[in-house]
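What follows draws every value from the coordinates through simple rules; no lab data is involved. Since the model is a prediction, treat every value here as computed from it, not as a measurement. Positions of Cβ are backbone-derived with ideal geometry, glycine not excepted, and every protein chain shown enters the neighbour counts.
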Amino acid sequence: MRDKRKKVCLVVCLLVLWAHLFIAPVLADMVATVAWVFDGDTIKLSNGTKIRYAGINTPEVAHDGQPAQPLADEAYLLNRRLTRGRQVRIQVDKEKYDQYGRMLAYVFLPGGTFVNGALVEKGLAMVYTTPPNVRYDQDLLTLQRRAMRERVGLWASADPGKEPFYIGNTRSRRFHGPSCHLGQKTGRRNKVVYRNRLEAFYDGLSPCKKCNP
């Protein structure tokens with residue numbers, strides 16, 4: 001009986017240790033001041049940490065001789081108005097950094113405003129889900145669908161596309177043109193065929209960066 005209790009205690013201790021090592025770091029929040037705003041979805045904190053907003057993508061501002069994409073400046077200005085010089089709460093997900101070393105995060109103002117969501121709600125950002133970071137994907141998708149229905153921001157004159165159909169991958173959360181080799185490789189279980197781009201956006205999928213449908 002005593003040996004059985006020891007085994008149970010050991011299992012419980014291991015579970016607590018596992019939760020501390022793998023769950024707590026993901027759920028832990030950081031509070032810091034925003035020192036600089038680069039564009040609609042990238043900021044720098046006063047401690048030097050560069051933050052890329054998780055779950056969304058805003059139009060590209062002018063850079064390297066390329067002109068700004070439509071509404072890029074509006075997204076930047078809203079992000080700057082909300083965050084620059086203010087203390088924010090930074091929340092990370094399962095994957096903490098992107099390939100450029102930027103921290104992937106959800107950003108909240110002291111009053112609770114979800115900055116990532118505010119940009120989507122105004123139609124100045126699109127949902128850009130990248131598994132395994134899916135903590136707020138449904139919240140962001142709800143805001144995007146509302147913006148689409150109200151035709152605000154990017155959705156005021158959204159292009160449905162010219163292809164006869166588009167191939168969606170529910171696993172990668174991307175959609176492709178019919179000739180894209182990545183789309184053609186999509187397994188039957190994860191494949192969805194859309195009549196136009198707007199249907200894919202409404203389901204929360206984002207354009208493939210290879211074929212840019």
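Points to keep in mind about this one:
- Nearest-20 debye value, the chain charge dipole, Cβ charges on Lys, Arg, Asp, Glu: 1020 debye
- On the basis of the beta-carbon distance and an R0 of 25 Å, Thr113 and Asp64 show a calculated FRET efficiency of 0.20.
- Packing-based order for 62-68, 152-158, 117-123, 170-176, using average beta carbon neighbours within 10 Å, highest first: 117-123, 170-176, 152-158, 62-68
- Viscosity 0.890 mPa s, temperature 25 °C, Stokes-Einstein D of region 166-207 from Kirkwood C-alpha radius, µm²/s: 253 µm²/s
- Listed options for mean projected area of the Cα convex hull in nm² are (i) 16.1; (ii) 12.1; (iii) 13.0. The value calculated from this structure is the one marked (i).
- In terms of surrounding Cβ atoms within a 10 Å radius of their Cβ, Arg195, Arg89 rank from fewest to most as Arg195, Arg89.
- Distribution of pairwise C-alpha distances over region 28-126, 10 Å bins, in %: 17, 52, 28, 3
- Spin-label zone in region 119-145 - amide nitrogen under 11 Å from a point set 7 Å from the Cα of Tyr202 along the C-beta vector: 145
- Model label zone, Glu95; criterion: amide N under 20 Å from point 7 Å along Cα-to-beta-carbon; scope region 126-143: 126-141
- Signed unit charges on C-beta, dipole axis of region 166-207, positive-most listed residue Ala200, Gln184, Tyr166: Gln184
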